[in-house]
Amino acid sequence: MPLIPKVMTTTSIQQESTYLDVQTHLGITKPNEHRFNMRIHFGNIPEIANVQPEAEGLHNIRGPKASVGYLLAGLTGFLLLIVPIMGLCLILSFFALPSTETTPGLHPPAPWGAVLLALLVYVPLHELLHLVWHPRLGLSNQSVLVIWPTKLRFGVYYEGCMSRTRWLLMRIAPFVVLSLVPAGLLAIFQNVPFNHTIKTFFEVLVVVNGVGSGGDVIAMVLVLFQVPPSALLCFRGGRAYWKPISAVDNNASPLIQDPNCR
């Protein structure tokens with residue numbers, strides 16, 4: 001997915017995409033209920049017709065072209081492995097617990113099942129950690145689970161507003177939980193023998209999630225330089241904007257007025 005402002009590139013597939021309201025489909029709640037009504041969306045996020053950002057006081061968030069954004073995201077991902085992750089491991093290795101083995105053990109063969117499992121669960125776990133930082137823990141009808149099979153894309157999207165602080169925490173959460181925390185634990189317990197398969201799983205997860213978090217960091221840099229600390233980030237039809245909280249009034253979109261978005 002492109003970084004900012006466009007969430008997904010618009011193509012003709014959006015005409016065939018379908019919204020599935022999870023809880024309405026299950027008969028749990030009514031379609032017009034606002035809470036606990038997360039949606040599933042197949043295909044590209046359709047643009048909203050007749051959106052007038054200026055009339056609502058929305059300011060565009062500028063970002064690089066998609067090709068440049070992907071390049072920057074990849075380079076940043078590798079830098080994340082070298083600087084914060086390897087740096088953290090190096091520092092914590094001085095506090096590593098001593099080994100309890102009296103004789104050096106043999107290195108077992110690589111458990112490829114653990115490698116494959118880490119590659120398969122990385123994206124769902126990464127996106128889940130984004131989702132839980134949405135307002136209402138990602139369970140409102142403004143949170144959308146985006147599945148685009150033909151593009152092999154899977155992600156989450158929020159159609160509404162949230163505070164800049166919440167958005168920044170949402171962006172960095174997967175890197176902290178899936179890369180920094182496991183890397184720190186692996187460094188501390190590096191001399192303690194434990195299941196080689198589990199260790200390999202977390203090692204692969206740390207690496208692939210670290211590289212995959214490059215796009216999140218680039219997006220954070222764009223927001224930090226363009227959006228004031230007290231502003232709201234607002235998403236409309238797959239595009240990102242920002243708006244000062246002082247500018248939110250009764251004439252704004254209901255998605256902007258929602259007090260729970262902050």
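The values are calculated or read from the model by the stated rules, or taken from the named source; none is laboratory data. All of these numbers come straight from a predicted model, not from anything done at the bench. All Cβ positions, glycine included, derive from the backbone under ideal geometry; neighbour counts span all protein chains shown.
Before moving on, here are some points about what is shown:
- Checking each residue in the stretch 109-133 for being outside any helix (DSSP H, G or I), touching a helix residue (DSSP H, G or I) at 6+ places or on another chain (Cβ under 7 Å) and not hydrophobic (A, V, I, L, M, F, W, C) picks out only PRO111.
- A Cβ distance below 7 Å, combined with a sequence gap of six or more or placement on separate chains, defines the contacts here; from the stretch 111-138, residues that are under 24 Å from PHE194 (Cβ atoms) reach residues that are of a type in the set (S, T, N, Q) in the pairs PRO111/THR197; PRO111/THR200; ALA114/THR197; ALA114/THR200; VAL115/THR200; TYR122/ASN209.
- Segments classed as helices (runs of 4 or more DSSP H), wholly inside the stretch 171-226, with at least 3 members that are surrounded by 20 or more Cβ atoms within 10 Å (Cβ to Cβ): 196-212, 214-226
- Boolean, ARG166 is closer than 30 Å to PHE95 by Cα, modelled with pLDDT of 95 or more and not acidic (Asp, Glu): no
- Candidates LEU26, LEU97, LEU72: the one that is within 30 Å of ARG164 (Cα to Cα) and either among the aliphatic types (A, V, I, L, M) or at pLDDT 90 or above (or both) is LEU72.
- All positions within the stretch 113-143 that are buried (at least 16 other Cβ atoms within 10 Å of the Cβ) and small (Gly, Ala, Ser): ALA114, ALA118, GLY138, SER140, SER143
- The residues of the stretch 47-74 include none that are exposed (fewer than 12 other Cβ atoms within 10 Å of the Cβ), more than 22 Å from LEU233 (Cβ to Cβ) and not small (Gly, Ala, Ser).
- Some residue of the stretch 163-170 being in contact with a Cys (Cβ under 9 Å, 6 or more places away or on another chain), in contact (Cβ under 8 Å) with a residue 60 or more places away in the chain, buried (at least 20 other Cβ atoms within 10 Å of the Cβ) and at negative phi: no
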